[in-house]
1. Given (1) 34, 19, 15; (2) 36, 17, 14; (3) 31, 17, 15 as candidate values of semi-axes √(5λ) of the Cα gyration tensor in Å, which corresponds to the one derived from the coordinates?
2. Taking the chain as a Gaussian network, where each spring joins two C-alpha atoms under 10 Å apart, which residue of SER131, SER39, SER104 fluctuates the most?
3. Which loop trypsin sites (Lys or Arg not before Pro) in the range 50-143, with loop taken from DSSP, have no more than 16 other Cβ atoms within 10 angstrom of their Cβ?
4. Quote to one decimal, in nm, the extra length available between ASP98 and SER137 on full extension: 0.36 nm per residue of separation minus the C-alpha distance between them.
5. Hey, if you put +1 on the Cβ of every Lys and Arg and -1 on every Asp and Glu Cβ in the range 53-130, which of GLN88, VAL113, VAL55 ends up farthest toward the positive end of that dipole?
6. So, in nm, how far is label GLU25 from label PHE179 when the simple model puts each one 7 Å beyond its Cα toward the Cβ?
7. Along the charge dipole of the chain, Cβ charges K/R +1 and D/E -1, which of ALA159, THR126, PHE34 sits furthest on the positive end?
8. Read phi for every residue in the range 186-200 and hand back ³J(HN,Hα) as whole Hz from Karplus 6.51 cos²θ - 1.76 cosθ + 1.60, θ = phi - 60°, with x for Gly and Pro.
Amino acid sequence: MVGSSPASLKMETIILASGSPQRQEYFRLLGLPFEVIPSPMEEIFNNRIEPRLAVEELAIQKVNSVRRLCRNRKWIVGADTIIHLDGQIYGKPLDREDARLMLSGLQGHRHEVITAMALYNEQKKTMDCRSIVSNVSFAYMGEAEIEWYLDTGEWEGVAGSYRIQGLAACFITDIQGSFSSIVGLPLREIYVMLRDNAYPFGA
């Protein structure tokens, strides 16, 4: 899958190692020409290191797994997002019951949302990885509210079982940090990372 806009036709194509519709939409918003090649690797978090390092490690692994599939591609970006609360990491739910447990744990608390981005430059053989931490406060949710939200299906395929850009906003009382990072890709930070690595914006 290739995404582009008229203004981006002369810019260099980036391989996006993610099937996330939200990340693809942000790439389009930035006017970046990209090709989607989702990482085939299984997402397994390293619980022996602190969460921020664990999600950075996962973003790098995603890039490396795609590098093996498409050699000689100049730019590859991988990203991952996790939820962290009281020493526990919340990734993507396995099923509805898993999502129910996650939402029950998050409601009434403030948690961290950590998004890591890894950028590989084939020409220079360099890997740059950065992460950003934001904080989200959930209102208390009754059982009926949790079931109502589960019925929407928004919990499927997202860290922490909620989409802040969707109906989960009904239960968010406060955000500190980057909204786009909570969605899945911090716009300011990905722009700066590409710029710092001499990506030819507007070429």
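1. After the calculation, the listed value that fits is (3).
2. Largest GNM mean-square fluctuation: SER104.
3. Here the sparse-neighbourhood loop sites are ARG68, ARG71, LYS74, LYS124, LYS125.
4. 12.0 nm
5. VAL55
6. With each label point 7 Å from Cα toward Cβ, the separation is 1.2 nm.
7. The residue sitting farthest along the positive end of the dipole is THR126.
8. In residue order, the calculated couplings are x, 4, 4, 6, 5, 4, 5, 5, 5, 4, 5, 9, 6, 5, x Hz.
Since every read-out is calculated from the coordinates, none of them should be taken as a lab result. The shown structure was predicted, so the numbers you read here are calculated from the model rather than taken from an experiment. Glycine also receives a Cβ, built like all others from the backbone with ideal geometry; neighbour counts cover every protein chain displayed.
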